[in-house]
Structure formats: C-alpha cells, structure tokens
Amino acid sequence: MEARGETPKVTVLDSAEEVARAAAERFVELAQSAVGERGRFAVALAGGSTPKRTYELLAGDDDKGRVDWSKVHVFFGDERMVPPTDAESNYRMASEAMLSRLAIPPENVHRINGLGDAVANARLYEDELRTFFNGDAWPSFDLVLLGMGDDGHTASLFPGTQALDERDAWVAANWVEKLNAHRVTLTAPAINRAAHVVFLVTGANKAAPLSEVLKGELDTHRLPSQLIKPLDGSLEWLVDKAAAEQL
Ligand code: 6PG
C-alpha cells in the first residue's frame, strides 16, 4: 500500500514525563476538536508500559475536565490473550490508569476479549468496529496511539508474523512464535486509515530500533513499525532524548 500522507513528524522531548505530557495534550486537543466537529472522538489506545503515564495524566485533575468523556469511544490497538484482570492485560492497564477514573459510559469502552479463542475474538472485535464505523470500508479512528517494542513491533504486529501481510482484515489473530501466544491486533491498513497516529517511544533500549525504523532501509517484515503510514492522516513520533540518541 502506497502512503500518501505527510512525512512523519519526530518530536524529541527531554524526558519520558514530557513525552507523556505531550501525548496527553495531543489527546485532549484532538478529542476537543473531534467532539466539536463530529460529536464523538474514537481513539485506539496503545498497550505496554510507555503510555501508562499519559493515561494517568488524562485522568488527573489538570486534564480530565477538558474533555467531554461521554463522547469518547475507547478502542484498543491490541490485546494479550489473558483475562481482563490479568497484570498483562492492556485493558487492565488502561482501566486502572485512566478509564475507571473518568466518566466514560461503559458502553463506550470497546475492549478486546482476551479469553478463549483468539480467532473468534478477532472476528468479534472486527464486527464491533464495523458496526461502530457504520459499515464503512475501513475504520476511521480520530487517533491511534502506538508504542514500539525494541524489536520494531507495534501494536501486536511482530516481526515475521502473518498479520503483517493482511490487506483486507481490520483485526487479526496473530500467532507470535517468540511469545508462544496469540495476540489480537489491529492490522496496519486499519491503523493507516486513522486521522492521526501518534507513537510514544522512550528509553535507551529503543534508540537503535527507532533509528532503524525511521532512517534505515524499508524492511517491514523485520521492522513492522515501518508499516505505519497513514494514507491521509498525520503521523507523529513523540520520543525522549534517550530513544532519540541515534537519530
Ligand atoms: C503491547 C503493545 C505493544 C507495545 C510495545 C511497547 O500490547 O505490548 O501494544 O505494541 O506498545 O511492545 O511496549 P512498552 O511500552 O512496554 O515498551
């Protein structure tokens, strides 16, 4: 798929805390304008550990009053095949850091089921998305937040896995050999229909893969984060100094 979107913007901030603040600010600005223009804000959250502080800030006293949370629809970029109460659950992290502390109607939180069959869970999630996006050909998230692993993966699009080749599905059940587990993940073409995609990347262990993803040769099977190129949307990388060391 050829991207027509803008070239990515890379913003280097002094610390992980500043990355979290900048991400929370983007979230608030985009939520305000989407709610103002279309009456709702559809966001896909990232899992992993990096966005936790962003979520805490959004639910904190300074930010929570700036968004009409009743108009926010929360989705997830990926999920691990664990119960929602498990320490590994992306839903649990987002719920504890943010969702449980905000007045979001429960029906606006669209979680990926981590119990049972991953293929069935992926299908169910895609059905839920297709209903929400009104039968459109692709989902159109207002914002997708993403992290990047030190192997260059994003969402649960891991190097060498089958979901990297998805061209039609919005959601995939992706077998990840090195984790010996399935993950359910949005596919790259679904993410690439978003209006805004923001990566949050912090820490020295991300410096080499970040430089390869942004400046190295295109090799999307080895560095799946390179698949993320919004077709008509914006792409921004919010990174701290440690992760930007080799840029
Ligand atoms: C997940 C993710 C994943 C994550 C990266 C970075 O469920 O693991 O959504 O893509 O964003 O692995 O994780 P950290 O923020 O923990 O480094």
Selection count where residues are part of a loop (DSSP other than H, G, I, E, B) and touching a Leu at 6+ places or on another chain (Cβ under 9 Å), scope region 49-61 | 3
Within the bounds of region 196-207, is there any residue that is within 16 Å of the ligand (Cβ to nearest atom), closer than 26 Å to residue 232 by Cβ and part of a loop (DSSP other than H, G, I, E, B)?
-> no
Can you tell me how many residues in region 214-233 are farther than 30 Å from residue 34 by Cα and under 17 Å from the mean Cα position of the chain (by Cα)?
-> 1
Answer yes or no: is there a residue in region 73-92 that is away from the ligand (no atom under 16 Å from the Cβ), of a type outside the set (Ser, Thr, Tyr) and either out of contact with any Ser or Thr (no Cβ under 7 Å at 6 or more places or on another chain) or under 24 Å from residue 241 (Cα atoms) (or both).
-> yes
Being crowded, with 16+ Cβ neighbours inside 10 Å and in contact with a strand residue (DSSP E or B) (Cβ under 6 Å, 6 or more places away or on another chain) narrows it down to one of 172, 207, so name that one.
-> 172
Residues located in region 29-47, provided they are in contact with a helix residue (DSSP H, G or I) (Cβ under 8 Å, 6 or more places away or on another chain), surrounded by fewer than 18 Cβ atoms within 10 Å (Cβ to Cβ) and over 15 Å from residue 141 (Cα atoms) | none
Test residue 44 against the criterion of being assigned to a helix (DSSP H, G or I), touching a residue at least 60 places away in the same chain (Cβ under 8 Å), within 18 Å of the chain's Cα centre (by Cα) and within 16 Å of the ligand (Cβ to nearest atom), and give yes or no.
-> no
Can you confirm whether region 118-131 contains a residue that is in a loop (DSSP other than H, G, I, E, B) and at negative phi?
-> no
Spot the failing condition for residue 178; the list is (1) buried (at least 17 other Cβ atoms within 10 Å of the Cβ); (2) assigned to a helix (DSSP H, G or I), and only one is missed.
-> (1)
Here the residues within region 134-146 that are out of contact with any strand residue (DSSP E or B) (no Cβ under 6 Å at 6 or more places or on another chain) and touching a residue at least 12 places away in the same chain (Cβ under 8 Å) are 138, 139, 140
From the options 68, 78, 61, residue that is surrounded by fewer than 15 Cβ atoms within 10 Å (Cβ to Cβ) and at negative phi = 61
Please state which one of 232, 151 is in a loop (DSSP other than H, G, I, E, B) and either within 12 Å of the ligand (Cβ to nearest atom) or surrounded by 22 or more Cβ atoms within 10 Å (Cβ to Cβ) (or both).
-> 151
Considering region 111-146 alone, what residues qualify as being touching a helix residue (DSSP H, G or I) at 6+ places or on another chain (Cβ under 9 Å) and within 14 Å of the ligand (Cβ to nearest atom)?
-> 111, 112, 114, 144, 145, 146
Residue 190 passes all but one of the listed conditions (1) outside any helix (DSSP H, G or I); (2) out of contact with any His (no Cβ under 8 Å at 6 or more places or on another chain); (3) closer than 21 Å to residue 30 by Cβ; the exception is number (1)
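A short reminder: the numbers here are calculations on the coordinates, not readings from a lab. Because the structure is a prediction, the values reported are computed rather than measured. Neighbour counts run over all protein chains shown; Cβ positions are idealised from the backbone, glycine included.
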